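Contents: one structure, followed by commentary.
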Amino acid sequence: MRKSLLALATGLLLAGSVSAASAADKLKVGFIYLGPIGDLGWTYQHDQGRLALVKELGDKIETTYLENVPEGPDAERSIEQLVRAGNKLIFTTSFGYMDPTLKVAKKYPNVHFEHATGYKRNPNMSTYSARWYQGRYIQGLIAAKMSKSGVLGYIGSFPIPEVVSGINATMLAAQSINPNIKVKIIWANTWFDPGKEADAAKALIDQGADVIMQHTDSPAPMQIASERGKLAFGQDSEMIKFGPKTQLTSILDTWGPYYIERVKAELAGTWKSEDSWGGLDSHMFAMAPYTNMPDEVKKMAEDAQAAIIAGKLHPFKCPIVGQDGKPVECKGGDHLDDGQILGMNFYVKGIDDKLPGK
Amino acid sequence: MQLVLEKRAERSGTIALVSPLIAVGLTIVTMVILFAILGKNPLLALHAYFIAPLTDGYSLQEIAVKATPLVMIAIGLSLCYLANAWNIGAEGQFLIGAVAGSWIAVRTQGTDAGAWVLPAMLVLAAAAGALYALIPAICKVKFGASEILTSLMLVYVADLFLDYLVRGPWRDPHGFNFPTTAEFDPVATVPLLIEGGRLHLGSIIVLLVVAAAAILLGRTIKGFEIRVVGAAPRAARFGGFKADRLIILTFAISGALAGLAGIIEVAGPIGHLQPGISPGYGFTAIIVAFLGRLNPLGILVAGLFLALTFIGGEQAQIAMKIPLDVTKVFQGILLFYVLACDSLILYRFKLVFPNRQVARGAG
Amino acid sequence: MELVEAIILSVLAASTPLLIAATGELVTERSGVLNLGVEGMMIVGAACGFAGAWLSGSVFIGALFGIVAGVLMSLVFALMALGLAVNQVATGLALTILGVGLSGLIGAGFVGERITPAVHLHIPGATDIPLIGRVLFGEDGFVYVSIALVVGVWWFLYRTRAGLILRACGDNHASAHALGYPVLRIRTFAVMFGGACAGLAGAYLPLAYTPFFVPGMTAGRGWIALALVVFSSWRPGRLVLGAYLFGAVTILQLHAQGWGVGIPSQFMSALPYLATVVVLVLISRERSGGSTAPAALGTVFVPDC
């Protein structure tokens, strides 16, 4: 305990001296985080992005973050505090910061804002997110190949479109390999509760699932799957440490390149409000190395990844049949359009579960 | 050697005034040590925590905004605690109030409903909060079920109920299925007091509530009854006061205030109903109630002070990169010192040596 | 059948931290002290427990670290609530705030590390008996410790003189004091026992449940433990029942979702809490008035000397 405190103190000391050295004319860039920077998941990855930014442009910018900012009434104040502290470009990294960010953005037209995973924009407020469903599609292919029981276990956080589209992409891919594949879905109703996520993973395995997929943020499901000798996919970050013989791959949030790009634009005076919804081709996220699978499966996954990047493969390629047996309207030509994916509120055929809130 | 408390013949007025200052002094000393260990400049840190937020109008407004729900809830809780009724589920009553009030906002959305909307929301929220608080109160009075437990359990239930509503039936139809209602109409929004700021009508309402509580406790029979039932239950029984009825009453009042605080937060600073509308206000308010010594004016001061540490903590995080955990430790230590020093009002501290001490029976 | 066994195993694992923490708090409350800071002591126990295990490479040492951390936290509480006669509810809540902050500071250096979790018992033959083998002979050490703790506490409270005195302090501190018992010292020990248990329960999470540390990993389990004590009406036997019931509802609602029972998951998640309220009302009603709470629970005692 003492040792760690000392280590921590030294660490903070170093951090302090770095910030003290910063000059006043540096561009100030602020971040608002939902969790603690040590959550090993969502916030951790955003902070890794921030650190990549510091590494790349550390001599021109100064970064500040506020962690553990709840998505309630405090968010607006926290964002405004960053503005008042002189930050000129502010990243708000959770969906729930959408309205507070917009309110503050309207109040301070000379400050630029970047909101993650939302859909409201302003001349000084961009949005950015990643097409994680592409990664989920690849995972679905692998899962169907690797599952012996033909039952996949899926731990959901909340039935929002991002998660629902992930489940659908997984199942569409899995069905293309094995038309009879089943998925069992458990909603944990939390983004982050290692104990509960572990319990959900256990329940899924006990009910016959042999490949565990998660859309919650802790490495607990991976660790349980590893303990039980099953397979699993990581989430947000590299989780292979928690399942060296278990992790097939993981969807890695890699915000660094985007942050660097946007800050460079800000420095150059070319920043403008945009809607960036980056796929695998944009480096907004990446797939962790494909591990614990035969070479042919690995090759299939890599081919699919290449096809998606090349634009030859679209996870939501029509025709798509909904759970009710009716075909889904195809607004994007030969695939669903972005609006349909961003607001996805239906299951595809073959999912036995009922979508909550429907 | 042993620490012994000796009861003062009467409350010490001087110490009542001085003790918060001693507490702040001790906190400062402790934090200076902690900051030094963490390698932060202690003077700058203390400035960020205590002074900087008080030096500009913006931060002062934010302190008032943050303190508003805390004080509102804590006033209600203090009545409960004075009457020896242990409502620790104000968080749940806060959420249910927010839900009930939002129901009107959601129902009237996009219609030409007039100025009656906001008052109706406030009334319904208070009523719902009171009813929700009555569940533990009635379980206590009728069945003897511990109100501490039932009120706490109902927090989780309220939280999940709200969650269900905003992810299901009340979801904004144009919001890409994200879990939130649409932004409330202007008639369903708590008006702001200062252009460009965040100070809202709720801060005025809370001042009225503080005044009303002061009058209730200081000048009415009911207030006297509440104090007696809490302080001397046996005397109260002889005096013909009905403890059960007071439990129901104080729970209802505190539930109503918590519900009111809930809808004011939602229809004020937030502007729509969503999950996570409360960063634990209902629990923090319990501390505010005790920091304020269960006295309405004391609670007002305590609420503002605690709000100051939140705002200051944020500014320290920005200005000096002090981790949030340090702010939590700082808050915890501060609370301990304030509570410990308050003990001086009622007791004298003495160090005695056990071998000289003769065990004596106490009455 | 295998599924039944698996569910029972999950239920036991989910219930164990609750049972350990609640057993400690039961003893604390039986002595007349209400310590609402269980969550704070648990989370510090989790951080220190993981730190200890990671530094030493031993789960056992980690558990000891957790216990010591819990005791230290509880001593802060004892100093305030017993030594300085401060209101116990406020002190307990403040302890939780402090604990959350401290655990974050302590644990910051260990985030992302992992350890080998506590081993499970394996007795060739016995552990392989279908249905009951793994449940009875294949648990990790914490599960057996939790059972031993409850039995020990039951024996202590009802079968020893010291237990009788402790209960006397909780029921009427003035009389206990008049009889010459050192009320505050007894209560201090009870609070420390509560802290030790909370620390151990917290340590269970990163040492056995999910072998890594993340801030906030107790996720409200300390509050549930508090609720269980009241639910048990301060009796060790009922505490076991309550903890396993709570664990069972938690696990079964996850299974129900996997089976595709079409009820909104929020309602399923709310079930354990509603069940607790309902059962509590039924139990309280059965007793027809007169609570079984220690009469002096949560009240301040200042010896008159």
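Values quoted throughout were computed directly from the atomic coordinates according to the rules given, and no laboratory measurement underlies them. What you are looking at is a predicted structure, and each value in this text was computed from that prediction instead of being measured. As a convention, Cβ positions derive from the backbone with ideal geometry for all residues, glycine included, and neighbour counts pool all protein chains shown.
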Taking 7 Å along the Cα-to-C-beta vector as the label spot, tell me the residue A:307-residue C:274 distance in nanometres, rounded to one decimal. 4.6 nm
Can you return the lysines within cross-link range of residue A:298? Criterion is Cα-Cα under 26 Å, with same-chain partners fewer than 8 residues away left out. A:145, A:148, A:182, A:184, A:230, A:241, A:245, A:312, A:317
Please work out the Cα center distance from the range B:257-281 to the range A:326-358, rounded to the nearest Å. 33 Å
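Can you give the FRET efficiency to the nearest 0.05 for residue B:231 and residue B:14, using r as the Cβ-Cβ distance and R₀ = 25 Å? Don't jump to the answer; show the numbers that get you there.
Numbers: r = 23 Å, r/R0 = 0.92.
Once the sixth-power term is evaluated, E becomes 0.60.
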In this structure, the FRET efficiency calculated for residue C:160 and residue C:295 from their beta-carbon separation, with R0 = 30 Å, to the nearest 0.05, is 0.90
Shielding score for A:79-90, defined as the mean number of other chain Cβ atoms within 10 Å: 2
Using the charge dipole of chain C (Lys, Arg: +1 at Cβ; Asp, Glu: -1 at Cβ; taken about the Cα centre), state which of C:264, C:172, C:203 has its Cα farthest towards the positive end. C:172
On Cα atoms only, tilt of B:243-265 relative to the major axis of chain B in degrees: 50 degrees
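Only four residue types carry charge here, +1 at the Cβ of Lys and Arg and -1 at the Cβ of Asp and Glu. Report the dipole size of the protein assembly as shown about the Cα centre in Debye, rounded to the nearest 20.
Numbers: 77 positive and 71 negative charges, 571 e Å.
Dipole size: approximately 2740 debye.
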Which whole-Hz couplings ³J(HN,Hα) result when phi for each residue of the range A:269-279 is put into the Karplus expression 6.51 cos²θ - 1.76 cosθ + 1.60, θ = phi - 60°, listed in order with x for Gly and Pro? x, 10, 5, 9, 5, 9, 10, 9, 10, x, x
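Give the average, rounded to an integer, of partner chain Cβ atoms located within 10 angstrom of each Cβ in A:233-243. Kindly include the intermediate steps, with their values, before the conclusion.
Values: counts 0, 0, 0, 0, 1, 1, 0, 0, 4, 5, 0.
Partner-chain Cβ atoms within 10 Å, mean over residues of A:233-243: 1.
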Size of the dipole of chain B about the Cα centre, Lys and Arg at +1 and Asp and Glu at -1 on the beta carbon, nothing else charged, in debye to 20? 1720 debye
How large is Rg/Rh for the protein assembly as shown, to two decimals, with Cα atoms and a Kirkwood Rh? 0.96
Tell me, what are the semi-axes, in whole angstrom and largest first, of the equivalent ellipsoid of the range A:27-130 as set by the roots of 5 times the Cα gyration tensor eigenvalues? 19, 17, 13
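With an 8 Å cut-off on Cα pairs and a minimum separation of 6 or more residues, tell me the relative contact order of chain C in percent.
Working: 555 pairs, mean separation 111.3, N = 305.
Worked out over chain C, it gives 36 percent.
Mind checking the mean number of beta-carbon atoms from other chains within 10 Å of the Cβ atoms in B:278-284?
The per-residue average across the peptide is 3.
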Simple spin-label estimate for residue A:321/residue C:178, 7 Å along Cα→Cβ, in nm, reads 8.3 nm
Helix C:141-159 sits off the longest principal axis of the Cα atoms of chain C, rounded to the nearest 10 on a 0 to 90 degree scale, by 30 degrees
As a check on your grasp of the helix formula, calculate [θ] at 222 nm for chain C: sum -39500 (n - 2.57) over DSSP H runs of n ≥ 4, divide by the residue count, round to the nearest 500. -22500 deg cm²/dmol
Modelled label-to-label distance, residue B:193 and residue B:207, 7 Å Cα→beta-carbon offset: nm? 0.5 nm
Give the residue from C:98, C:151, C:136 lying farthest towards the positive end of the charge dipole for the range C:1-152; charges sit on Cβ (+1 for Lys and Arg, -1 for Asp and Glu) and the dipole is referred to the Cα centre. C:98
Nearby lysines by direct alpha-carbon distance to residue A:88 (threshold 20 angstrom, same-chain neighbours under 8 apart not counted): A:26, A:28, A:55, A:60, A:103, A:106, A:107, A:120, A:264, A:272, B:321
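If you place +1 on the Cβ of every Lys and Arg and -1 on the Cβ of every Asp and Glu, how big does the dipole about the Cα centre of the range C:2-286 come out, in debye to the nearest 20?
Working: 12 positive and 11 negative charges, 146 e Å.
Dipole about the Cα centre, nearest 20: 700 debye.
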Compute the separation of the alpha-carbon centres of the range B:87-113 and the range A:190-269 and state it in Å as a whole number. 36 Å
Using mean Cβ contacts within 10 Å as the protection proxy, how do A:110-122, A:206-218, C:42-54, B:4-16 order, highest first? C:42-54, A:206-218, A:110-122, B:4-16
Taking residue B:242 as the anchor, which lysines have their alpha carbon closer than 26 Å to its alpha carbon, excluding any fewer than eight residues away along the same chain? B:140, B:142, B:222
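Considering Cα pairs under 8 angstrom that are at least six residues apart, work out the relative contact order of the range C:180-305 and quote it in whole percent. Mind showing how you got there, number by number?
Numbers: 38 pairs, mean separation 24.8, N = 126.
This gives 20 percent for the range C:180-305.
Taking R0 as 25 Å, what FRET efficiency do you get between residue C:55 and residue C:120 from their Cβ-Cβ distance, rounded to the nearest 0.05?
Working: r = 23 Å, r/R0 = 0.94.
Efficiency, from the Cβ-Cβ distance: 0.60.
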Name the residue from A:186, C:24, B:135 whose Cα lies farthest towards the positive end of the charge dipole of the protein assembly as shown, charges +1 on Cβ of Lys and Arg and -1 on Cβ of Asp and Glu. C:24
By how many degrees, between 0 and 90 and to the nearest 10, does the Cα long axis of helix A:2-21 differ from the longest principal axis of chain A? 60 degrees
Highest mean first, how do A:73-79, A:271-277, B:218-224 rank when packing is the count of other Cβ atoms within 10 Å averaged over residues? A:73-79, A:271-277, B:218-224
Under 8 Å for C-alpha pairs, at least 6 residues apart: give me the relative contact order for the range A:237-358, rounded to a whole percent. 19 percent
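Report the full-extension gain for the segment residue A:85 to residue A:176: residue separation times 0.36 nm, less the Cα-Cα distance, to one decimal in nm.
Numbers: separation 91, 0.36 × 91 = 32.76 nm, distance 5.28 nm.
That works out to 27.5 nm of additional length.
Between the DSSP loop rule and a limit of at most 14 other Cβ atoms within 10 Å, which trypsin sites (Lys or Arg not before Pro) in the range A:199-248 are left? Intermediate values should be presented prior to the final figure.
Working: sites: A:202, A:228, A:230, A:241, A:245; in loops: A:228, A:230, A:245.
When the trypsin sites (Lys or Arg not before Pro) of the range A:199-248 are filtered for loop state and at most 14 Cβ neighbours within 10 Å, A:245 remain.
Gain in length, residue B:51 to residue B:32, computed as 0.36 nm per residue apart minus the alpha-carbon separation, to one decimal in nm? Please report the intermediate quantities before stating the final value.
Working: separation 19, 0.36 × 19 = 6.84 nm, distance 1.52 nm.
Separation in residues times 0.36 nm, less the Cα-Cα distance, equals 5.3 nm.
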